[in-house]
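> Got a structure for you, written out below as structure tokens; questions coming shortly.
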Amino acid sequence: VCKRCKGKAMIWNDSAIAKWAAAGGITPFVPQCVRVNDNGEKVISYGLQSFGYDIRLARQFRVFQMPLDHSGVVNPKDFNVKLLREFEGDVCIIPPNSFALACSVEYFKMPPNVTGLVLGKSTYARCGIVANFTPLEAGWEGTITIEISNTSPLPAMVYANEGFAQCIMLEGEEPTVTYASRAGKYQAQTGITLAKV
């Protein structure tokens, strides 16, 4: 039984997240909530929060595009990389009713008894920009591949090096099998990682 959580799941607060991050759990780690950048400009907040950590988008994006012959099909078992246009910059514009992939600035190393749940920030959600994430499983490590849907009928902007989503850490009893011990296919991924089978 987990002594800290006494057999129950426990959500980590800012102190627990900071202690884990200092031991290499999040790299780079921002130990406070940042709302203004070094130039004095307002940004979408990122960094340590009361019960979570707000991750940032890196500058690399892959945006879906229709092939010239309109023959594209999205197949997760045989993903066609030609369906994506690569882009690097501080601002990415996602076409109406379209989709993009990005990755986090931060590299995570999840403990064997902690799973991370990632949820989109309300600033983006209120603009029709939806973040879709899968859990950061116990024992997983890597940069987070971020799925971004623009559900609005207009082009939408997302900002690199600013907050995009919050990760909440859930601690429980250590499982028999972790993502690392079963050699998960996305272990130690860096950058934008496409679908694998």
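> Eight or more residues apart or on different chains, and alpha-carbon atoms under 23 Å: count the Lys pairs in the chain matching that.
Qualifying lysine pairs in the chain: 15.
> For all pairs of alpha-carbon atoms in the stretch 14-128, what percent lies in each bin of width 5 Å, listed from the first bin to the last filled one?
Result, from short to long distances: 2, 9, 15, 19, 16, 15, 11, 8, 4, 1, 0 percent.
> In the stretch 51-197, with Lys and Arg counted as +1 and Asp and Glu as -1 at Cβ, which of these residues, PHE99, THR143, SER122, has the Cα nearest the positive end of the dipole, that is, farthest along it?
PHE99
> If one computes P(r) from the Cα atoms of the stretch 33-83, what percent of pairs lie at distances over 18 Å? Could you put the intermediate results ahead of the total?
Values: 734 of 1275 pairs.
Tail fraction, whole percent: 58.
> Heavy atoms only, probe 1.4 Å: what % of the accessible area of the stretch 121-197 goes to carbon and sulfur, would you let me know? Walk me through the intermediate numbers first.
Details: 2040 of 3740 Å².
Here it works out to 55 percent.
> For the chain, what is the accessible area per residue in Å², given a 1.4 Å probe and the full set of protein chains?
Numbers: 10820 Å² over 197 residues.
On a per-residue basis, the chain sits at 55 Å².
> Using the C-alpha gyration tensor of the chain, what are the square roots of 5 times its eigenvalues, in whole angstrom, with the largest one first?
On the way: eigenvalues 179, 96, 36 Å².
One finds semi-axes of 30, 22, 13 Å for the chain.
> About the Cα centre of the stretch 1-143, how large is the charge dipole given +1 on each Lys and Arg Cβ and -1 on each Asp and Glu Cβ? Please answer in debye to the nearest 20.
Details: 16 positive and 12 negative charges, 125 e Å.
So the magnitude is around 600 debye.
> Which three numbers, in whole Å and largest first, are the semi-axes of the equivalent ellipsoid of the stretch 86-192 derived from its Cα gyration tensor as √(5λ)? Kindly include the intermediate steps, with their values, before the conclusion.
On the way: eigenvalues 164, 40, 24 Å².
Value: 29, 14, 11 Å, ordered largest first.
> For the stretch 76-137, what D do you get in µm² per second when you plug the Kirkwood radius from alpha-carbon pairs into Stokes-Einstein at 37 °C and 0.692 mPa s? Don't skip to the answer; put the middle values down first.
Details: Rh = 14.6 Å.
Estimated diffusion coefficient is 225 µm²/s.
> Also, quick follow-up: How far, in nm, would the chain grow between GLN32 and MET66 when pulled straight, counting 0.36 nm per residue and subtracting the alpha carbon separation?
Here the segment from GLN32 to MET66 would lengthen by 8.1 nm.
The values are calculated or read from the model by the stated rules, or taken from the named source; none is laboratory data. Small disclaimer: the values here were computed from a predicted structure and weren't measured. Here Cβ is always computed from backbone atoms with ideal geometry, including for glycine, and neighbour counts include all displayed protein chains. Areas reflect the complete protein model, heavy atoms only, side chains present, ligands, DNA and RNA absent. Shrake-Rupley method; radii C 1.70, N 1.55, O 1.52, S 1.80 Å.
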